[in-house]
1. So what's the angle, to the nearest 10 degrees on a 0 to 90 scale, between helix 267-279 and the longest Cα principal axis of the chain?
2. Sum up the charges of everything whose Cβ sits under 15 Å from the Cβ of Lys242, counting Lys and Arg as +1 and Asp and Glu as -1, but leave Lys242 out.
3. In whole Å, what is the distance between the alpha-carbon centres of segment 123-143 and segment 23-49?
4. In what sequence do Ile136, Ile8, Ile56, Ile21 fall when counting other Cβ within 10 Å, fewest first?
5. If each DSSP helix of 4+ residues adds -39,500 (n - 2.57) and the sum is divided by the residues in the chain, what number results at 222 nm, nearest 500 deg cm²/dmol?
6. Say the cut-off is 31 Å between C-alpha atoms; which of Lys212/Lys233; Lys212/Lys253; Lys99/Lys126; Lys134/Lys256; Lys220/Lys268; Lys157/Lys272 go over it?
7. Given N residues in segment 1-88, what is Rg(Cα) / (2.2 N^0.38 Å)?
8. Local charge sum around Glu66 (other residues, Cβ-Cβ under 14 Å, Lys/Arg +1, Asp/Glu -1)?
Amino acid sequence: MPKKTAIITGSSSGFGLLTTIELAKQGIHVIATMRNPEKSNVFQTITNDEQILSNIEVHQLDVTNEASIESLKQKVAILERVDVLVNNAGFGMGGFAEKITVDNYRRQFETNVFGVMGVTQAVLPKMREQRAGKIIQVSSISGRTGFPGLSPYVSSKFALEGFSESLRLEMAPFGVQVALVEPGSYKTNIWSSGMEIAGDYDENSDYHKPLKKILSVLEKSQPNHGDPSEVAKLITQLASQKDMPKLRYPIGKGIKSTLLAKSVLSWKKWEKTMISMLNK
């Protein structure tokens, strides 16, 4: 049997970095894509095992660039097969809707939504022809419930969820499986150095205090964030097992109880709970 091949986006940090290592540990040939291949030595910061590192092939990819996506298509075309695609590349943008330009919303969607669509389209022909394959989308709890002050990120993940649900139904007849991994808060840089705030919130702004509160909540919660290797191991498990029976795989401390609460509480009670975060 030929060695399995996986493609993963955003492999230079966070979930992408750890998942690349975990997949390579399983003997899978991992095409680890990143915008800046000069960061490829990051894998040696995790392991010095030459056998694992030999399973990793770095490929330059900017998911927001059409020419870069086309280069990936050409790469896929010469591969014997593609068994797994992990759409992980993304970033977080916050701010209040009145203050965020539509161009900023577009920029958020270019990476978190349209980038996913472009990369997915690059591998679909190969997976459809081979009548097999797995597409694992790294979503978020933010794709299931809205949060004040985070509408760019939240709306992009809601869009990803809808795209993935439709994609799963479309590809099932061809033996291609689609699943969403929905992490809660983990120790990655998306909520720290990777978080971008769009808009101007000086002290005279009505949004200054609410934004300050939200950022304070995010900062104070960081010590309780989970170990991102949990997410990497879940993705690797899904990639390695025969089937992905469910569409959604929420993971993280308190995530399942949050989703349960949203499903059973009236909107009035849920809304009151969420808004209260801004008034404490």
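Any read-out appearing in this document is the output of simple, stated calculations on the displayed coordinates, not a laboratory observation. Because the structure is a prediction, the values reported are computed rather than measured. Positions of Cβ are backbone-derived with ideal geometry, glycine not excepted, and every protein chain shown enters the neighbour counts.
1. Helix 267-279 and the main axis of the chain meet at about 70 degrees.
2. On the way: positive: Lys4, Arg131, Lys134, Lys246; negative: Asp83, Asp243.
Surrounding charge for Lys242 is +2.
3. 20 Å
4. Working: Ile136 26, Ile8 30, Ile56 20, Ile21 23.
With the sparsest Cβ surroundings first, the list reads Ile56, Ile21, Ile136, Ile8.
5. Details: 10 runs with 124 residues, N = 280.
Calculated mean residue ellipticity at 222 nm is -14000 deg cm²/dmol.
6. Details: Lys212/Lys233 34 Å; Lys212/Lys253 24 Å; Lys99/Lys126 43 Å; Lys134/Lys256 24 Å; Lys220/Lys268 27 Å; Lys157/Lys272 23 Å.
With Cα atoms farther than 31 Å apart: Lys212/Lys233; Lys99/Lys126.
7. Values: Rg = 12.2 Å, N = 88, 2.2 N^0.38 = 12.1 Å.
The reported ratio for this selection is 1.01.
8. Values: positive: Lys73; negative: Asp62, Glu70, Glu110.
Summing Lys/Arg as +1 and Asp/Glu as -1 gives -2.
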